[in-house]
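Input: a single structure, listed below in structure tokens.
The values are calculated or read from the model by the stated rules, or taken from the named source; none is laboratory data. As the structure is a computational prediction, the values presented were derived from the model and not from experiment. A quick note on method: Cβ atoms are made from the backbone with ideal geometry, for glycine too, and the neighbour counts reach across all protein chains shown. SASA here: full protein model, heavy atoms, side chains in, ligands and nucleic acids out. Shrake-Rupley method; radii C 1.70, N 1.55, O 1.52, S 1.80 Å.
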Amino acid sequence: MMADKKIISVVGATGAQGGGLARAILADKNSSFRVRAITRDVKSDKAKALATLGAEVVAANIDDVESVKRAFAGAHGAYCVTFFWAHMSPERELAEARAMAQAAKQTGVQHVIWSTLEDTRKWVPLSDNRMPTLMGKYKVPHFDAKGEANAFFTEAGVPTTFLLTSFYWENLIYFGMGPKKDPTGRLALTLPMADKKLPTMASEDIGKCAYGIFKTGTEHIGKTVGIAGEHLTGAQMASALSTALGKAVTYNAVTPEAFRGFGFPGAEDLGNMFQFNRDFEQAFCAPRDPAIARALNPSLQTFDAWLAQNKARIPLD
């Protein structure tokens, strides 16, 4: 019976991470959970699709703690995530995380998964000129605010699993980070990673791993769990793309300085992110063990498998 199933409130249920979790629960007919999909717009096509699959769809705005409390009321678990790129404001991201932590505390949620990242200032203090300080007080704004926000959940006493995510392969489709033609017409993948490995994964697998964490009950509460599909160098990604696309893709290893200068919105933030990943490869890769992700999500995809399904969606202009 549906009434016996524990509610998981999923923030960002129409986005990449929350959508993956919602679909993972809805696809499991024997699940002990049911989905409360939280979205700003319950009339969107993605929200309607989740409702058709059996989700309870509710409107909430994570900038408003009262609306989050209503969306968390009666829930056993909550998946908490922010989307920095919608507004590119670390301060707003901090406020959203605080609102979710407060709402979880006040409604008695028994297990929160907070989708987080490292506060890179622990490795690269603001006084370190290896990379520029951005917005006055961050090195990698879209990482640092999430890492700083971990304390909101801890200090509120919310039972939390801290989920360290990885670079999405979907960035090759949607974020303009796929192979581009150089002046001679050849395809090149441009990353400022030198020969270092980057933890990467299919965004859908993040939600599936989160479902695996909820299924293990209290085992991961109070712990940090890092996930990745594969750790890949730029050269390895270019090689896999070449095979999948049937066209040669070279790896264009630019400097972080060059990447920061590309001028698109977020270029400085991403240039610093890749430099952090490059300069602290071991610290970044070690917590994100693909074996842990596979234990939580046995259907974890490899890059080759993901490319076989998605190569036609990668724009090559």
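Taking the stretch 65-92 as the range and being surrounded by 14 or more Cβ atoms within 10 Å (Cβ to Cβ), without any contact (Cβ under 8 Å) to a residue 60 or more places away in the chain and part of a loop (DSSP other than H, G, I, E, B) as the test, the residues that pass are 73, 89.
Of everything listed in (1) assigned to a loop (DSSP other than H, G, I, E, B); (2) under 23 Å from the mean Cα position of the chain (by Cα), the single unmet condition for residue 269 is (1). Picking from residues in the stretch 105-148 that are under 20 Å from the mean Cα position of the chain (by Cα) and among the hydrophobic types (A, V, I, L, M, F, W, C), the one that is farthest from residue 10 (Cα to Cα) is 140. The one condition from (1) open to solvent by 70 Å² or more (accessible area, probe 1.4 Å); (2) acidic (Asp, Glu); (3) closer than 14 Å to residue 191 by Cβ that residue 317 does not meet is (3).
Under 22 Å from the mean Cα position of the chain (by Cα), open to solvent by 50 Å² or more (accessible area, probe 1.4 Å) and farther than 30 Å from residue 110 by Cβ - does that describe any residue in the stretch 294-306? Yes, because at least one residue in the stretch 294-306 is under 22 Å from the mean Cα position of the chain (by Cα), open to solvent by 50 Å² or more (accessible area, probe 1.4 Å) and farther than 30 Å from residue 110 by Cβ.
Among the residues here, residue 215 qualifies as open to solvent by 10 Å² or more (accessible area, probe 1.4 Å), closer than 29 Å to residue 151 by Cα and of a type in the set (Lys, Arg). Among the conditions (1) in a helix (DSSP H, G or I); (2) open to solvent by 20 Å² or more (accessible area, probe 1.4 Å), the only one that residue 97 does not satisfy is (2). Within the stretch 262-279, the set of residues being open to solvent by 40 Å² or more (accessible area, probe 1.4 Å) and within 15 Å of residue 124 (Cα to Cα) comprises 278, 279. Of all the listed residues (174, 168), the sole one being aromatic (Phe, Trp, Tyr), in contact with a helix residue (DSSP H, G or I) (Cβ under 7 Å, 6 or more places away or on another chain) and open to solvent by 20 Å² or more (accessible area, probe 1.4 Å) is 168.
In this entry, residue 133 is excluded by the filter for residues that are of a type in the set (Ser, Thr, Tyr) and surrounded by fewer than 16 Cβ atoms within 10 Å (Cβ to Cβ).
Among residues of the stretch 35-49 that are open to solvent by 80 Å² or more (accessible area, probe 1.4 Å), those with a beta-carbon under 7 Å from a residue that is part of a loop (DSSP other than H, G, I, E, B) at least six positions away or on a different chain give the pairs 40/61; 46/14.
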